[in-house]
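The values are calculated or read from the model by the stated rules, or taken from the named source; none is laboratory data. Please read these numbers as outputs of a predicted model, since none were measured by experiment. Positions of Cβ are generated from backbone atoms using ideal geometry, with glycine treated the same way; all protein chains shown enter the neighbour counts. In case anyone asks, the SASA skips ligands and DNA or RNA and just uses the protein heavy atoms, side chains included. Shrake-Rupley method; radii C 1.70, N 1.55, O 1.52, S 1.80 Å.
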Amino acid sequence: MVASSKRHSREQRDARERLRLYTARASVHEQTVARRKRDNVLAVGVGLVIIALVSTAQVFYFSAGPGTPEPAPSFTEEPEATDSGNVGDVPDPALAEARTWTGELTLNDVALGIELDGAAAPQAVASLVDSAASDYYVGTTCHRLVVTDSAGLIQCGSLDGTGASDPDYSYGPIENSGVGGFYPAGSIAMARTGDDAFSNGRQFFIVFDDAIIPDDTVGGYSIVGQVTSGLEDLQSEIVAGGIVDDAQDGAPVTATSITGFTIQ
């Protein structure tokens, strides 16, 4: 009986020891699981904080910092420029109607039949038609005569008799200029200031002997039409009188003015 009692006591001790070890292992396991949960939660929280900080930094970098992108170009249409370089009450080129105008230009008593090409030089022809209709030309002078080996022409339409341009009236562009600087006899072309394509005014020149007039930096001179009759009378009654001081380029000895200018 004593042995049996001892064996029973030892079994109880062993059972208690097994229970203690099991309880200890279970406690360690529970602590490990709890610690892993805490670590996972902490890791997720830290990750979210890092993502938030990175996102904030990127937003700052690309919106206000050195990484700010260049503004995208605007594709809003701008109003079309209307400044053509014309000065004064210059008529619309449409006035020329892209047709041939005929008329008569009288210098002193010399009547010249003329044709103006509204298709080739619409702006210049519109200006001539409008100016003639308003009686601008009658009374203006032909202040310059050129007679050289390379050109023969007379320039007309000067309001003050000196050939000075009108600061209140000018236009462009150059139209139908002489090819290679060549202006055949009979050509009527607009005078302008050198190196300025928008300095055409109301003055023009009539070529009575084939002329070579070199282009300047902006081109040549707008040919608006031609003389169809009376060119021989112009030469015999005005050009033959010569140039003041026997010059090749200057005021004609025979004072000349426009006494009539009609276009239809």
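Things to note:
- Residue in segment 248-258 that is farther than 15 Å from residue 144 by Cβ and open to solvent by 50 Å² or more (accessible area, probe 1.4 Å) present: no
Results for (1) touching a Phe, Trp or Tyr at 6+ places or on another chain (Cβ under 6 Å); (2) touching a residue at least 12 places away in the same chain (Cβ under 8 Å); (3) of a type outside the set (A, V, I, L, M, F, W, C); (4) surrounded by 20 or more Cβ atoms within 10 Å (Cβ to Cβ), shown as yes or no for each residue.
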site: 196; (1), (2), (3), (4): no, yes, yes, no
site: 202; (1), (2), (3), (4): no, yes, yes, yes
site: 206; (1), (2), (3), (4): no, yes, no, yes
site: 220; (1), (2), (3), (4): no, yes, yes, yes
site: 223; (1), (2), (3), (4): no, yes, no, yes
site: 229; (1), (2), (3), (4): no, yes, yes, no
site: 232; (1), (2), (3), (4): no, no, yes, no
site: 235; (1), (2), (3), (4): yes, yes, yes, no
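- Qualifying residue in segment 116-126 (condition: open to solvent by less than 40 Å² (accessible area, probe 1.4 Å), at pLDDT below 95 and farther than 30 Å from residue 232 by Cβ): no
- Flag for residue 244 being touching a residue at least 12 places away in the same chain (Cβ under 8 Å) and out of contact with any Ser or Thr (no Cβ under 6 Å at 6 or more places or on another chain): no
- Test: residue in segment 149-168 that is of a type in the set (Val, Ile, Thr) and farther than 20 Å from residue 186 by Cβ: yes
- Residues satisfying the stated conditions in segment 157-188, i.e. touching a helix residue (DSSP H, G or I) at 6+ places or on another chain (Cβ under 8 Å) and aromatic (Phe, Trp, Tyr): 171
- Only residues that are β-branched (Val, Ile, Thr) and open to solvent by less than 10 Å² (accessible area, probe 1.4 Å) were counted in segment 145-183, giving 1.
- Cross-chain or 6+ apart pairs with Cβ under 6 Å, segment 96-119 first and of a type in the set (A, V, I, L, M, F, W, C), then open to solvent by 70 Å² or more (accessible area, probe 1.4 Å): 110/233; 110/237; 111/104; 119/98
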